[in-house]
């Protein structure tokens with residue numbers, strides 16, 4: 001038994017249906033750089049963003065070990081950033097203990 005004879009999709013399978021207008025497939029743009037990844041990891045680990053000097057220090061260490069040539073989203077990169085952030089975590093603990 002045929003389908004609805006008034007439905008053009010029955011006869012033309014690639015018929016354009018206005019009910020399904022194409023939307024904007026792009027996500028909102030943002031810059032994706034190693035600095036963004038390092039800062040977002042710092043906010044997660046330390047609770048605040050790094051200063052420019054701290055960010056430059058970590059970037060120099062990562063460049064020295066060749067991590068900035070790798071995938072910034074990989075676990076190896078994230079683990080190396082966390083290892084470098086551990087220095088700042090320990091420094092904050094020492095400062096907090098000294099002030100108490």
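Summary of values
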quantity: Residues (farther than 16 Å from residue 33 by Cα and either within 15 Å of the chain's Cα centre (by Cα) or surrounded by fewer than 17 Cβ atoms within 10 Å (Cβ to Cβ) (or both)) located in region 76-87; calculated: 76, 79, 82, 83, 86, 87
quantity: Hits in region 68-81 - residues which are touching a helix residue (DSSP H, G or I) at 6+ places or on another chain (Cβ under 6 Å) and modelled with pLDDT of 90 or more; calculated: 77, 80, 81
quantity: Tabulated pairs, region 32-48, first over 11 Å from residue 85 (Cβ atoms), second at pLDDT below 90, C-beta under 7 angstrom, 6+ apart or interchain; calculated: 34/68; 34/72; 37/72
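The values are calculated or read from the model by the stated rules, or taken from the named source; none is laboratory data. Every value quoted in this text rests on a predicted model; they were computed, and no experiment measured them. Methodologically, a virtual Cβ is constructed for each residue, glycine included, from the backbone with ideal geometry; neighbour enumeration extends over all protein chains shown.
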